[in-house]
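Shown next, in structure tokens, is the structure this report addresses.
Bear in mind these aren't lab numbers, they're just calculated from the coordinates by the rules spelled out. Predicted, not measured: the structure shown is a model, and the values here were computed from it. FYI the Cβ positions are ideal-geometry reconstructions off the backbone, even for glycines, and counts take in every protein chain you see.
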Amino acid sequence: MIDKIAACVSEALQGVTDGATVMIGGFGTAGIPNELVEGLIGQGARDLTIVNNNAGNGDHGLAALLKTGRVRKIICSFPRQADSHVFDALYRAGKIELELVPQGNLSERIRAAGAGIGAFFTPTGYGTELAKGKETRDIGGRPYVLEYPIHADLALIKAECGDRWGNLTYRKAARNFGPTMAMAARRTIASVHEIVPLGALDPENVVTPGIFVSKIVKVERVATRAGGFRQAA
Amino acid sequence: MSYPRRTKEQLAQRVARDIHDGACVNLGIGMPTLVANHLPDGIEVILHSENGILGMGPAPAPGQEDYDLINAGKQPVTLLPGGAFFHHTDSFAMMRGGHLDICVLGAFQVSATGDLANWHTGEKDAIPAVGGAMDLAVGAKQTWVMMDLLTKNGQSKVVSRCTYPLTGIGCVKRIYSDLATLECTAQGLKLVDKVDGLAHAELEQLVGLPIAP
């Protein structure tokens, strides 16, 4: 019998090793699996490379993980936000390495890892600082930059609803990087707010098929916090 | 000699006037988001947000905010009937694959031939952040820039060659500014329109570059 349901976050997170590359879903605060990130803090793995669109908001979730000093490097597209003070301080102190990637390249490099692509050519970034030193090629009269996949040991994503085969649905724009990251990691753990019996999810509406998911764990629903922008005074 | 500048709202109105019925449009963070408030009545425009939304609607009423439904600036929005959610890779395929008709972006500098600098000032202490700017700049069918023509110190933001780090090369088609609307071409700048009372020669002097009438 296939049963990917973990009893709790710490059970789902067993075996994360030092030096692991960990993808974390989310765009701003939407789709960040905060309970799984807190679990990773508790689990204690160090020397991590984190892949996320941003670099943490406020003092919770990813920002709290950065604060532990266990993240060696972050690969992201938009670290600087109104409330990214934890990252900002670490970066300015030279305590964290940043690989800045245009967001579409980030997403496509993650997809490439999941789809078995060795590398791909894209026009994004051509002639800019972010393509410096990279191989380029003219294809059909247009310049392209060679980009390589981003593989991960672990992906932590937030979904809405799941079943014991690991099939997932999402909620609104909290879907963002979840489905793509789920494909790209050796092991994917999804937090869900609801676990339903096999067959209850409409197969027409499954967004991430269970083949991409290793474990699901139910967490209490809490409203997503605001974050990433300056609140009107 | 004396001429009125377009206010931010008037500038947004000016941009909105050029958006065609049925267009799929991405509005960048900051001033470009104002364009949504000025789309002409009687046309249907589908707004795209890079974080996986087509058919994005206005901000919700106070108290109705849902932070799982936000725009690229992380601010709460709504979804219009007919709208859809999708994951990031599909969203960026829309942006990179030439599926968006128009994107409107802010800028630090634009060159006469359409090079764009809008992601980084290059200052030593500045934390760089690029987001989807490079994808949009080269991926949309048309890239428009919306900005003040001059910096606070009176320097032209339209330049012969960008000194700030580039976002994309030759990608900007039009510049909508508080003083004039300009087209970027391989041959240089071309005038679309300018505010009343601003002489062509004076505009060229402010920009410091020739502008074909």
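Between residue B:192 and B:181, B:182, B:183, the built amide H atoms are under 5 Å apart, and every one of these is 5 or more places off in sequence or on another chain.
Calculate log10 I(q)/I(0) of segment B:154-195 for q = 0.18, 0.23, 0.33 Å⁻¹, where I(q) comes from the Debye formula with a single equal point scatterer on each Cα and nothing for solvent. Reported log10 I(q)/I(0), two decimals: -0.56, -0.89, -1.33. Each residue, residue A:186 and residue B:185, gets one label point 7 Å from its Cα in the Cβ direction; the gap between the two is 5.8 nm. Cα centroids of segment B:52-81 and segment B:153-213: how far apart, whole angstrom? Between the Cα centres of segment B:52-81 and segment B:153-213 lies a distance of 34 Å. Residues of segment A:12-35 with an amide N closer than 20 Å to a point placed 7 Å from the Cα of residue A:46 along the Cα-to-Cβ direction: A:14-22. For the options B:139, B:57, B:42, a Gaussian network treatment of chain B with springs between C-alpha atoms closer than 10 Å singles out B:42 as fluctuating the most. Please find, in a Gaussian network model of chain B (springs between Cα atoms separated by less than 10 Å), the residue of B:134, B:146, B:95 whose mean-square fluctuation is greatest. Checking each option, the largest mean-square fluctuation is seen for B:134.
Computed from the C-beta positions of residue A:18 and residue A:121 and an R0 of 41 Å, the FRET efficiency is 0.75 to the nearest 0.05.
Pairs B:157/B:190; A:158/B:74; B:74/B:157: which are spaced more than 20 Å apart, C-alpha to C-alpha?
As for pairs spanning more than 20 Å Cα to Cα, those are B:74/B:157.
For the protein assembly as shown, a simple Cβ point-charge model (Lys and Arg +1, Asp and Glu -1, everything else neutral) yields a dipole of about 780 debye relative to the Cα centre. Considering chain A as a Gaussian network with a 10 Å cut-off on Cα pairs, which listed residue, A:194, A:129, A:99, attains the greatest mean-square fluctuation? Largest GNM mean-square fluctuation: A:129.
Need one number: the % of Cα-Cα pairs in segment A:38-133 sitting beyond the 17 Å mark. Looking at segment A:38-133, the distances longer than 17 Å represent 55 percent of pairs.
Considering only B:181, A:214, B:46, and ranking their Cα positions along the charge dipole of the protein assembly as shown that arises from unit charges at the beta-carbon of Lys, Arg, Asp and Glu, the one farthest toward the positive end is A:214.
Semi-axes of the equivalent ellipsoid for segment A:130-172, please: Cα gyration tensor eigenvalues, times 5, square-rooted, ordered largest first, whole Å.
Sorted largest first and rounded, they come to 38, 14, 10 Å.
Within straight-line reach of residue A:4, meaning a Cα separation under 17 Å, sit the following aspartates and glutamates at least 8 residues removed in sequence or on another chain: A:160, A:163, A:194. Which value in nm describes the separation of the simple spin-label points at residue B:37 and residue B:202, placed 7 Å from the Cα toward the beta carbon? Distance between the two pseudo-spin positions: 2.8 nm. The residue among B:106, B:147, B:166 whose Cα reaches farthest toward the positive pole of the charge dipole of segment B:96-213, with charges on the beta-carbon of Lys, Arg, Asp and Glu, is B:166. The longest stretch of chain B left intact once loop-based GluC sites (Glu not before Pro) with at most 12 other Cβ atoms within 10 Å are removed from consideration, loops following DSSP, is B:124-213. Potential lengthening of the chain between residue A:93 and residue A:195 amounts to 32.4 nm, from the contour at 0.36 nm per residue minus the alpha-carbon distance. Helical content of chain B, expressed as a calculated mean residue ellipticity at 222 nm, amounts to -4500 deg cm²/dmol (DSSP H runs of 4 or more residues, -39,500 (n - 2.57) each, divided by residue number, nearest 500).
Using the Cβ-Cβ distance between residue A:73 and residue A:8 with R0 = 30 Å, the FRET efficiency computed as 1/(1 + (r/R0)^6) comes to roughly 0.55.
For the protein assembly as shown, take N as its residue count and report Rg(C-alpha) divided by 2.2 N^0.38 Å.
1.01
Taking the convex hull of the alpha carbon positions in segment B:8-212 and averaging its projected area over all directions gives 12.5 nm². Stretching the chain fully between residue A:85 and residue A:206 yields a gain of 39.9 nm (0.36 nm per residue, less the alpha carbon separation). Over all Cα atoms in segment B:50-121, the spread is summed up by Rg and Dmax: 14.9, 46 Å.
First obtain the Kirkwood hydrodynamic radius of chain A from its Cα pairs, then insert it into the Stokes-Einstein equation at 20 °C and 1.002 mPa s, and state the resulting D in µm² per second as a whole number.
Translational diffusion coefficient: 118 µm²/s.
When you filter the trypsin sites (Lys or Arg not before Pro) in segment A:143-233 for DSSP loop state and at most 12 other Cβ atoms inside 10 Å of their Cβ, you are left with A:221, A:230. The base-10 log of I(q)/I(0) for segment B:7-109, evaluated at q = 0.12, 0.13, 0.22 Å⁻¹, reads -0.38, -0.45, -1.30 [Debye formula, identical scatterers on Cα atoms, solvent excluded]. The label point for residue B:99 and the one for residue B:5, both projected 7 Å from the Cα toward the Cβ, are 3.9 nm apart. Computed about the Cα centre, the dipole magnitude for segment B:105-213 is approximately 220 debye when only Lys and Arg (+1) and Asp and Glu (-1) carry charge, each at its Cβ. Take each residue of peptide B:48-55, count the partner chain Cβ atoms within 10 Å of its Cβ, and average: the result is 5.
From other protein chains only, count the Cβ atoms within 10 Å of every residue's Cβ in B:62-69, then give the mean.
Going residue by residue through B:62-69 and averaging, the value is 5.
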